[in-house]
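Trainee: Before I ask anything, let me first share the structure, which is written out below as structure tokens.
Nothing in this text is a laboratory measurement; each read-out follows from the coordinates by a stated rule. Everything quoted here is computed from the prediction, not taken from an experiment. As a convention, Cβ positions derive from the backbone with ideal geometry for all residues, glycine included, and neighbour counts pool all protein chains shown.
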Amino acid sequence: MPPRDPLRALHAEIVECRACPRLVRWREQVAREKKRAYRDQEYWGRPITGFGDPGAALVLVGLAPAAHGGNRTGRIFTGDRSGDFLFASLHRLGVANQPQSVSRDDGLELTGAFILAPVRCAPPDNKPTPDEFARCSCWFDAELSLLPNARVYLALGAHAWRSTLEHLARTGSSIPKPRPEFGHGAIARIPRAKDEAVLVGSYHVSQQNTQTGKLTPAMFDRVVARALKEARR
């Protein structure tokens, strides 16, 4: 028999996780009750895994699946407006083969980028607790450990920025003091044993940010392009 793919094996473990009682209750309640627009669909209702090119140098870090997005479709940033905004940009920049993502089997492929989140279950009000971040950090660390070329991290929001810094600290990187602060377009270079990790900040692609103009397509394209430039060096 061929050797088992370690990333696929890890994903099989992640989707069975029930470590956070509040998140388990919420994700399953949403999957039962559903949104009216999706009442005829079967919701995923479980933790989600990362998605993309496992050989990529660029990793995009989100927050958690949306209740009627990833929690419905089973893939990160899939089936909601945040994902529409994100994948349209990745398509414009040649990373995604199509500009939209509506389901796990819609043919979307990423080249040169991988996407994951530090919290794997949809949280009430999109607000995971500190304990939930902590419990989920084992999956964050494990998945990133199986991306051998991961070197540039594009943090979508302050929580993603903090979670990535904490991951780098846990895995032996030398975090500068004072600790780098999040900001849209911020860049932090983090020494590692064999190389340098680069952390790039962006406002999250949430509807709250994109519909108010806090984050525009041009703004996001610029920061993604900067992260891609770092990844291709």
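Trainee: Which of the lysines could be linked to Lys34 by a straight reach, that is with a Cα gap under 23 Å, when you skip same-chain ones fewer than 8 residues away?
Mentor: Lys127
Trainee: Next question. Straight-line reach from Lys229: which lysines fall under 30 Å, measuring Cα to Cα and dropping same-chain residues less than 8 apart?
Mentor: List returned: Lys177, Lys194, Lys214.
Trainee: Among residues other than Ile76 whose Cβ falls under 13 Å from its Cβ, what is the net charge (Lys/Arg +1, Asp/Glu -1)? Don't jump to the answer; show the numbers that get you there.
Mentor: Numbers: positive: Arg46, Arg72, Arg75, Arg104, Arg120; negative: Asp80, Glu143.
Here the count lands on +3.
Trainee: Please work out whether the chain counts as rounded, prolate or oblate from its C-alpha gyration tensor, where a ≥ b ≥ c are the square roots of the eigenvalues and a/c under 1.5 means rounded, while otherwise a/b larger than b/c means prolate and anything else oblate? If you can, show how the numbers build up before the last one.
Mentor: Numbers: a/c = 1.41, a/b = 1.25, b/c = 1.13.
It comes out rounded by the Cα gyration axes.
Trainee: Taking every DSSP beta bridge that has both residues in the range 80-233, what percent is antiparallel when rounded to the nearest 5? Intermediate values should be presented prior to the final figure.
Mentor: Details: 6 of 11 bridges.
Here the share of antiparallel DSSP bridges comes out near 55 percent.
Trainee: Still on this structure, please answer the following. For the range 215-220, just list the computed ³J(HN,Hα) in residue order, Karplus coefficients 6.51, -1.76 and 1.60, θ = phi - 60°, integers in Hz, with x standing in for Gly and Pro.
Mentor: Calculated HN-Hα couplings, in order: 10, 9, x, 5, 4, 6 Hz.
Trainee: Kindly write out, for the range 28-42 in residue order, the coupling ³J(HN,Hα) from the Karplus curve 6.51 cos²θ - 1.76 cosθ + 1.60 (θ = phi - 60°), rounded to whole Hz, with x marking Gly and Pro.
Mentor: For the range 28-42, the Karplus-derived couplings read 6, 5, 4, 5, 7, 7, 6, 8, 3, 5, 10, 5, 8, 9, 8 Hz, x marking Gly and Pro.
Trainee: Need the full-extension length gain, Arg22 to Arg162, defined as separation in residues times 0.36 nm minus the C-alpha distance. One decimal, nm. Walk me through the intermediate numbers first.
Mentor: Numbers: separation 140, 0.36 × 140 = 50.40 nm, distance 2.23 nm.
Working it through step by step, the gained length comes to 48.2 nm.
Trainee: Once phi is turned into ³J(HN,Hα) by the Karplus curve 6.51 cos²θ - 1.76 cosθ + 1.60 with θ = phi - 60°, what whole-Hz value does each residue of the range 222-233 show in order, with x for glycine and proline?
Mentor: Each residue's phi maps through the Karplus curve to give 5, 6, 5, 4, 5, 5, 5, 4, 5, 5, 8, 5 Hz.
Trainee: Further, regarding this structure: Grab the Cα-Cα distance for Ala225 and Asp105, subtract it from 0.36 nm times how many residues apart they are, and report the gain in nm with one decimal.
Mentor: On the way: separation 120, 0.36 × 120 = 43.20 nm, distance 2.71 nm.
Residue separation times 0.36 nm, minus the Cα-Cα distance, leaves 40.5 nm.
Trainee: Rounded to the nearest 500, what is the chain's calculated 222 nm mean residue ellipticity when only DSSP H runs of at least 4 contribute -39500 (n - 2.57) each, over all residues?
Mentor: Values: 8 runs with 87 residues, N = 233.
The helix contribution divided over the chain gives -11500 deg cm²/dmol.
Trainee: Related question: Determine which residues of the range 48-81 fall in the zone a paramagnetic label at Ser173 would reach in this model, i.e. backbone nitrogen under 11 Å from the point 7 Å along Cα→Cβ.
Mentor: Taking a point 7 Å out along Cα→Cβ of Ser173, the residues of the range 48-81 whose backbone N falls under 11 Å are 59.
Trainee: Here's something else I'd like to know. Report relative contact order for the range 90-155 in percent, whole number only (criteria: Cα-Cα under 8 Å, sequence separation at least 6).
Mentor: Numbers: 36 pairs, mean separation 13.4, N = 66.
Answer for the range 90-155 is 20 percent.
Trainee: Right, another one. Relative contact order, percent, of the chain when contacts are C-alpha pairs under 8 Å separated by at least 6 residues?
Mentor: Values: 430 pairs, mean separation 46.9, N = 233.
Normalised by residue count, the contact order of the chain is 20 percent.
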